[in-house]
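S.K.: Okay, handing you the structure first.
The values are calculated or read from the model by the stated rules, or taken from the named source; none is laboratory data. What you see is a predicted model, and the numbers here were worked out from it, not measured in a lab. Don't worry about glycine lacking a Cβ; one is built from the backbone with ideal geometry, like all the others, and counts go over all protein chains shown. Side chains included, ligands, DNA and RNA excluded: accessible areas come from the protein's heavy atoms. Shrake-Rupley method; radii C 1.70, N 1.55, O 1.52, S 1.80 Å.
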Amino acid sequence: MKKNTSILITILGTVLLAVGLYMVRAIIDPQGIMKTMPYLAIGLGCGMFGHGLGELYNRHVIAKDPKLAKQMEINQKDERNVMLANTAKAKGFDIMTYVFSALLLAYALMGSGWEIIIPFVIAYLFVEIYAVYSRVKIEKEQ
Amino acid sequence: MKNRLEEIRKQHGIKQEELASALEVSRQTIGSLENGRYNPSILLAFKIAHYFNLRIEDIFIYEEELR
């Protein structure tokens with residue numbers, strides 16, 4: 001990520017956080033979407049602020065120590081590390097498939113409304129279809 | 001896959017860290033290779049062989065009978 005982007009994200013996060021806090025204090029009797037909007041702004045603001053500042057700090061540390069930067073790059077590109085990360089992600093995906101279906105079954109047995117089950121099914125199918133699509137795409141590439 | 005990496009590295013008097021740095025991999029990768037826990041990619045195997053001026057077969061031992 002570029003330095004300017006990190007600065008922009010940090011500033012945007014700070015602004016969102018400030019706006020969220022202001023809305024919490026200023027709006028006495030919130031109605032409709034305004035009930036959740038301030039907290040959404042605070043959450044998003046905190047996330048963006050932390051992410052942006054983290055990136056800036058990381059950049060600062062790396063700039064001070066080129067040896068550390070080189071080591072970090074090596075660790076990031078190291079083929080065993082990449083393999084471990086991919087294996088862990090694949091295992092995570094496998095377990096997510098079972099967790100998703102178990103949760104879906106639980107919702108169905110609890111008699112939850114269609115407005116919960118249908119988006120859930122769509123999300124589940126999207127993830128599974130995307131996995132198949134990726135497989136076909138990668139197979140064509142290699 | 002078995003290999004003679006540790007033996008060859010020690011013959012050359014090189015530390016794991018130095019080899020890792022020269023090959024641009026982590027020290028843990030060298031450790032795992034030496035223990036036989038990790039099989040390298042063909043690219044890394046070539047890099048290792050080049051580094052020691054050896055052939056891949058001189059370092060890595062393919063044991064067909066075990067398969």
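S.K.: Can you confirm whether region A:49-59 contains a residue that is under 30 Å from B:Ser32 (Cβ atoms), assigned to a helix (DSSP H, G or I) and at pLDDT below 90?
M.R.: So far as region A:49-59 goes, yes, one or more of its residues are under 30 Å from B:Ser32 (Cβ atoms), assigned to a helix (DSSP H, G or I) and at pLDDT below 90.
S.K.: Applying the selection to region A:40-88, what residues are within 14 Å of chain B (Cβ to nearest Cβ), open to solvent by less than 50 Å² (accessible area, probe 1.4 Å) and within 23 Å of A:Lys3 (Cβ to Cβ)?
M.R.: Result: A:Ala69, A:Ile74.
S.K.: Restricted to region B:47-57, and to residues that are assigned to a helix (DSSP H, G or I) and either at pLDDT below 95 or out of contact with any Lys or Arg (no Cβ under 9 Å at 6 or more places or on another chain) (or both), which residue is surrounded by the fewest Cβ atoms within 10 Å (Cβ to Cβ)?
M.R.: The first filter runs over region B:47-57 and keeps only residues assigned to a helix (DSSP H, G or I), leaving B:47-51, B:56-57.
This time we only want the ones that are either at pLDDT below 95 or out of contact with any Lys or Arg (no Cβ under 9 Å at 6 or more places or on another chain) (or both), so: B:47-48, B:50-51, B:56-57.
Numbers: B:Lys47: 15, B:Ile48: 24, B:His50: 12, B:Tyr51: 16, B:Ile56: 15, B:Glu57: 10.
Among those residues, the one meeting the criterion is B:Glu57.
S.K.: Another question, then. Is it the case that some residue within region A:56-76 is small (Gly, Ala, Ser) and under 21 Å from the mean Cα position of the chain (by Cα)?
M.R.: Quick first cut of region A:56-76, residues small (Gly, Ala, Ser) only: A:63, A:69.
With under 21 Å from the mean Cα position of the chain (by Cα) added as a condition, the list becomes none.
No, that holds for no residue.
S.K.: In this structure, does B:Leu44 turn out to be surrounded by 13 or more Cβ atoms within 10 Å (Cβ to Cβ), part of a helix (DSSP H, G or I), facing chain A (nearest Cβ under 9 Å) and touching a residue at least 24 places away in the same chain (Cβ under 8 Å)? Lay out the reasoning, then the answer.
M.R.: Working: surrounded by 13 or more Cβ atoms within 10 Å (Cβ to Cβ): yes; part of a helix (DSSP H, G or I): yes; facing chain A (nearest Cβ under 9 Å): yes; touching a residue at least 24 places away in the same chain (Cβ under 8 Å): no.
Here the answer is no, as B:Leu44 does not meet what is asked.
S.K.: Also, I was wondering about something else. May I ask you to list the residues in region B:23-39 that are under 16 Å from B:Leu54 (Cα atoms) and either open to solvent by 20 Å² or more (accessible area, probe 1.4 Å) or among the polar types (S, T, N, Q) (or both)?
M.R.: Within region B:23-39, no residue meets the criteria.
S.K.: Right, next: Can you confirm whether B:Glu63 is open to solvent by 90 Å² or more (accessible area, probe 1.4 Å), away from chain A (no Cβ under 12 Å) and more than 11 Å from the chain's Cα centre (by Cα)? Write out each step before concluding.
M.R.: Values: open to solvent by 90 Å² or more (accessible area, probe 1.4 Å): no; away from chain A (no Cβ under 12 Å): yes; more than 11 Å from the chain's Cα centre (by Cα): yes.
No; evaluated as a whole, the condition is false for this residue.
S.K.: Sticking with this structure for a sec: Looking only at region A:89-113, which residues are exposed (fewer than 11 other Cβ atoms within 10 Å of the Cβ) and not in a helix (DSSP H, G or I)?
M.R.: Hits for region A:89-113 are A:Met110, A:Gly111, A:Gly113.
S.K.: Moving to a separate point now. Restricting to region B:7-34, what's the tally of residues that are within 12 Å of another protein chain (Cβ to nearest Cβ) and not hydrophobic (A, V, I, L, M, F, W, C)?
M.R.: So in region B:7-34, the residues within 12 Å of another protein chain (Cβ to nearest Cβ) come out as B:17, B:20-33.
Checking which are not hydrophobic (A, V, I, L, M, F, W, C) leaves us with B:17, B:21, B:24, B:26-29, B:31-32.
Result for region B:7-34: 9.
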